[in-house]
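As structure tokens, the structure follows; a few thoughts come after it.
Taken together, the values in this text are just the output of simple stated rules run on the coordinates, not laboratory data. Keep in mind the model is a prediction, meaning the values are calculated, not measured. We place every Cβ from the backbone using ideal geometry, glycine too, and count neighbours over all the protein chains shown.
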Amino acid sequence: MQVNGQPHPHREGLTLHALLRELNVQPERVAVAVGDDFYPGARVPDRPLEDHDTVEIVRIIGGG
Amino acid sequence: MPALDPLTIGGQTFTSRLLLGTGKFHDFHVMREALEASGTQIVTVAIRRVELNAPGHAGLLDALDLGRYQLLPNTAGCRTAEEAVRVAQLARAATGVNWVKLEVIPDARWLLPDPVGTLRAAETLVGEGFTVLPYVQPDAVLARALERAGCATVMPLASPIGSGRGLRTGELLRTVLDGASVPIVVDAGLGVPSDAAQALEAGADAVLVNTAIAEARDPVGMAHAFALGVQAGRAAFLAGRMAEREGASPSSPVAGVPRLPDPEVPLAERG
């Protein structure tokens, strides 16, 4: 599994909510993509994650 | 100062013609004060991966009064159309806003946009319901193609991003402005308020400024100065400039000057 471009250990039964908790990410401040599915932080579903999934967790920062 | 004509982008109407970036500010407090002093109503933001296991930093969105500003997430850092489309989708999820400042920039040295990739990404994003504001070189043919693709604006550069070199593309900008059917927002490279005034005087509908304000000694003072520059430029455009002429033309009547005798002319010949 890839999380933000880095390999991440996958375990049986891992869900998106569990991953965010594991990574210490507060969902309401971020957006998440699993493959081509995009979720606002506040509406991240607790979907199961597969070993081949690519997860992106992003936030808003200053930029021009 | 009389109110200027409003600016409409993507069906929304704004009274300010100054868009502001939120990058490079020393802290959120200065940024907020600068936004306030500029009178801006549209602010750009960027999307980045969160640093995993590094929680606690206050988010930009917490520092912005979202009721006052139209957020304009950018795709800065994207090198291809595909990356830009994906970042726009992440931005929409992160902000709930479907506006995107489209940047497809494969070149790290000059930060020049890829016209082909930008057009391709714009077509995809318009098809997915985004309000697309593409960053481009001042190329009139490309600008018309982006308009036909359904972009809300075209945003030609004045000079390289963050360079502060001012409007170095004035002649090309004129060709982009000529016959434009969407607002033209001059973006990137403006260094001082007179650069912004110059763009607006030429007929640009708005400007986007970030580094010139964030890196000023006094960002809040410079934000105010840019607001004045933009107002002056727009007011001048609406007022219609004089025609340029090659030589001088006296401002005072030439007849009736109470002259002294011309010393070059002999006394006998004087009238």
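Along its three principal directions, the equivalent ellipsoid of the protein assembly as shown from the Cα gyration tensor extends over semi-axes of 51, 20, 16 Å, largest first.
Helix B:115-127 and the longest principal axis of the C-alpha atoms of chain B enclose an angle of approximately 60°.
How big is the charge dipole of the protein assembly as shown about its Cα centre, in debye rounded to the nearest 20, if each Lys and Arg gets +1 on its Cβ and each Asp and Glu gets -1 on its Cβ? Before the final figure, lay out the partial values.
Values: 29 positive and 39 negative charges, 77 e Å.
The dipole magnitude comes to about 360 debye.
Placing unit charges on the Cβ atoms of the charged side chains and taking the dipole of the range B:7-242 about its Cα centre, the candidate lying farthest along the positive direction among B:Ala204, B:Thr8, B:Val192 is B:Ala204.
Per DSSP H run of n ≥ 4, the term is -39500 (n - 2.57); total these for the protein assembly as shown, divide by its residue number, and report the mean residue ellipticity at 222 nm rounded to 500 deg cm²/dmol.
Working: 10 runs with 101 residues, N = 335.
About -9000 deg cm²/dmol.
Let me spell out the model: positive unit charges on the Cβ of Lys and Arg, negative unit charges on the Cβ of Asp and Glu, origin at the Cα centre of chain A. What dipole size does that give, in debye rounded to 20?
On the way: 6 positive and 10 negative charges, 67 e Å.
Roughly 320 debye for chain A.
For chain B, the Cα-based Rg and Dmax, in that order, read 23.1, 100 Å. Under a Gaussian network description of chain B, with springs only between Cα atoms under 10 Å, the residue in B:Leu112, B:Leu66, B:Leu146 that fluctuates furthest is B:Leu66. Cα convex hull, chain A: 92 Å³ per residue, rounded to a whole number. Each residue, A:Arg47 and B:Glu51, gets one label point 7 Å from its Cα in the Cβ direction; the gap between the two is 2.9 nm. Remark: B:Arg144, B:Arg92, A:Arg11, B:Arg86 ranked as A:Arg11, B:Arg144, B:Arg86, B:Arg92, counting other beta-carbon atoms within 10 Å and listing the fewest first. Restriction of the GluC sites (Glu not before Pro) in the range B:156-250 to DSSP coil positions whose beta-carbon has at most 11 other beta-carbons within 10 angstrom yields B:Glu244, B:Glu246. Cβ under 9 Å from B:Pro156's Cβ, B:Pro156 left aside: what net charge do those residues give with Lys, Arg +1 and Asp, Glu -1? Net charge in that neighbourhood comes out at -2. For the range B:1-153, how big is the tail of P(r) above 29 Å, as a whole percent of Cα pairs? Of all Cα-Cα distances in the range B:1-153, 19 percent exceed 29 Å.
Fewest-first ordering of A:Tyr39, B:Tyr135 by other beta carbons within 10 Å of each residue's beta carbon gives A:Tyr39, B:Tyr135. The angle separating the long axis of helix B:81-95 from the principal Cα axis of greatest extent in chain B is about 80 degrees.
Relative to the longest principal axis of the Cα atoms of chain B, the long axis of helix B:219-239 makes an angle of roughly 60 degrees. Mean per-residue shielding of peptide B:196-207 is 0, counting Cβ atoms of other chains within 10 Å of each Cβ.
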